[in-house]
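Asks: First the structure, which I've put down as structure tokens, then a few questions once you've had a look.
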Amino acid sequence: MAKQRAPSKSEPKHTAYPVRAWIIWFLSALFMFYKYALEVSPSVMTSTLMSTFQISGTALGNLAACYFYAYLLLQIPAGLLLDKIGPRKITTLAIGLCAFGSLIFAKADTLLVAGIGRFLTGAGAAFAAVNCLKLIANWFPLRQFAFMAGLMMTLAMLGAVGGQAPLAAFIDAFEWRYAMQFIGLAGVALAIIFWLVVRDRAPDHKTERHIVSTRISLLESIRQVFKNSQAWWLSVYSGFAFAPVMVFGGLWGVSFTSEAFGLTQNMSAQAVSLIFIGFAVGAPVFGWFSDWIGRRRIVMFWGTLVGLVSITTVIYLPGISLFSLSFLLFLFGFSISSFLLCFTMIREVSLAVLAATAIGFMNAFDALFGAFSDPLTGKFLDMGWDGRIVEGARVFSVDAYKAAFITLPVYLIIALFLLARIKETYCKPSSPTSLP
């Protein structure tokens, strides 16, 4: 009889609590679902928000970007707080902050108050990903980390889907303020359940595997990451590759497809949600395929290239059918999800004790690009506006959208060139990569 492999001394078994571990993972991943639903929610309310607050496209872009401003500021400190205090306490407060921000946004009667609501939502959302990764590390064997993290991203993208067509249908049936109130109350319920169910680590968790190291200071961690040129190239690539998803899928895509293809708001939301469905499918597929062939950069190159071709075709090729539109949007989400391999690569090129700081550094670039790209697109739309107003909201022409969306293929072209500066890791760490 073959001998069963004994677990490593540094790898806790976590075999006595499988059901609770999965429940804790699910609640953490549900926070990711909630975070992405809130992140993309303005995309189905563009006309409504411009009419309600009497604002331009630039102002709407800034309102949506308030989420990213807070996300950017807190991305790196989030891991440190979770590590020092623990995910149960910190994440309960973070979910509550997201919910509170949503409720403020729902009740806002001025643009300033609405911006404060979005900022608070982004502040809470900054903790979602690192919280889930930390709890995976504390409740699951290390060999399951990549698989569980991939499942986390799939559920997160389904949240983005929920913030598209289902939210648009909810708004059509009721009103946007009621929809955001409902989302806010759902967040309060999630925070309560999270506090009651989640524990920081499994009872048999002997070896601490911190997402953020306690052996070196935060400033020293940041300094070490800043010295790593590959961390910079990977992070800038990540920002350029992901920004088109948030600009098109997270804010302006629904209104564009409605105007360009004559679709209703709900049908446009359904079409755009295919980006996130494709992303949810593609993320684990590219992760598996990259591991299988033992290479990362070539997978990211072809994924980014196909993403460039598909989104450019949607924007600039006239007269495509609804089926072709749907297929191309799904293909865009599926192919561009290959960029997530850069998160694996930054762990492979960083010291193990800097893993979370490096990932936070990269996440900060994604937030930074989202923070300026939404207002920039809005500014370009305002410049091309022909003066048409429907029910108090500015309506932009297809030509204005095409001019404003020139940034999307440009971003992806830049991302392709940046890949030339990124060194292939061949799926091997340059230093030990077990979580510290």
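The values are calculated or read from the model by the stated rules, or taken from the named source; none is laboratory data. Keep in mind the model is a prediction, meaning the values are calculated, not measured. For neighbour counting, all protein chains shown are included, and Cβ atoms are generated from backbone atoms with ideal geometry for every residue, glycine included. For the accessible areas, the whole protein counts, side chains as well, though only heavy atoms, and no ligand, DNA or RNA atoms are used. Shrake-Rupley method; radii C 1.70, N 1.55, O 1.52, S 1.80 Å.
Asks: At 1.4 Å probe size, with every protein chain present, just tell me what the per residue accessible area of the chain comes to in Å².
Replies: With all protein chains present, the chain gives 40 Å² per residue.
Asks: Would you list, by chain and number, the aspartates and glutamates whose Cα falls below 17 Å from the Cα of Lys428, excluding same-chain residues fewer than 8 positions away?
Replies: Within the straight-line limit of under 17 Å, Lys428 reaches these aspartates and glutamates: Asp291, Glu348.
Asks: Students often get this wrong, so check it: of Lys84/Lys134; Lys379/Lys402; Lys35/Lys379; Lys35/Lys134, which have C-alpha atoms separated by over 22 Å?
Replies: From the list (Lys84/Lys134; Lys379/Lys402; Lys35/Lys379; Lys35/Lys134), the Cα-Cα distance tops 22 Å for Lys35/Lys379.
Asks: If you roll a 1.4 Å probe over the chain with all protein chains in place, what percent of the accessible area is carbon or sulfur?
Replies: Here it works out to 69 percent.
Asks: Over segment 10-140, what is the relative contact order in whole percent, taking alpha-carbon pairs under 8 Å and six or more residues apart?
Replies: Dividing the mean separation by the residue count of segment 10-140 yields 35 percent.
Asks: Next question, about the same structure. Can you run phi through the Karplus equation (6.51, -1.76, 1.60; θ = phi - 60°) for segment 122-132 and list ³J(HN,Hα) in whole Hz, with x for Gly and Pro?
Replies: Values, residue by residue: x, 4, x, 5, 4, 8, 5, 5, 5, 4, 5 Hz.
Asks: Between Phe147 and Arg421, what is the label-to-label distance in nm when each label sits 7 Å out along the Cα-to-Cβ direction?
Replies: 3.8 nm
Asks: To continue, here is another question. Could you name the aspartates and glutamates whose alpha carbon sits less than 20 Å from that of Lys107, not counting residues in the same chain fewer than 8 places away?
Replies: Excluding near neighbours in sequence, the set is Glu39, Asp172, Glu175.
Asks: Okay, next question. Hey, what number do you get for the chain at 222 nm if only DSSP H runs of n ≥ 4 count, each worth -39500 (n - 2.57), divided across all residues, to the nearest 500?
Replies: Value at 222 nm, helices only: -24000 deg cm²/dmol.
Asks: Relative to the longest principal axis of the chain, what angle (0 to 90°, nearest 10) does the C-alpha long axis of helix 297-316 take?
Replies: Tilt of helix 297-316: around 10 degrees.
Asks: Rounded to the nearest 0.05, what FRET efficiency do Arg20 and Asp291 have when you use their Cβ-Cβ distance and R0 = 35 Å?
Replies: That pair, Arg20 with Asp291, gives E of 0.75.
Asks: Ile414 versus Val390, label points 7 Å from Cα toward the beta carbon: distance in nm?
Replies: Label-label distance for Ile414 and Val390, simple model: 3.2 nm.
Asks: Of Glu391, Glu259, Glu424, which is the most mobile in a GNM of the chain whose springs link Cα atoms less than 10 angstrom apart?
Replies: Residue with maximal mean-square fluctuation among Glu391, Glu259, Glu424: Glu391.
Asks: Can you return the aspartates and glutamates within cross-link range of Lys89? Criterion is Cα-Cα under 19 Å, with same-chain partners fewer than 8 residues away left out.
Replies: Asp200, Glu208
Asks: With semi-axes √(5λ) of the Cα gyration tensor in Å defined as stated, name the option among (1) 36, 25, 19; (2) 39, 22, 20; (3) 98, 26, 17 computed from the structure displayed.
Replies: Recomputing semi-axes √(5λ) of the Cα gyration tensor in Å here picks out (1).
Asks: Mind pulling the angle between the C-alpha long axis of helix 87-107 and the longest principal axis of the chain? Nearest 10 degrees, somewhere in 0 to 90.
Replies: Roughly 10 degrees between the two axes.
Asks: So how much accessible area does Cys66 have, in Å² to the nearest 10, using a 1.4 Å probe?
Replies: 30 Å²
Asks: Now for a different question. Among Phe100, Phe327, Phe361, whose mean-square fluctuation peaks in a Gaussian network model of the chain (Cα, cutoff 10 Å)?
Replies: The residue with the greatest mean-square fluctuation here is Phe327.
Asks: Another question, if that's okay. How high is the FRET efficiency between Ile406 and Phe323 when r is their beta carbon distance and R₀ equals 25 Å, given to the nearest 0.05?
Replies: My answer for the efficiency is 0.45.
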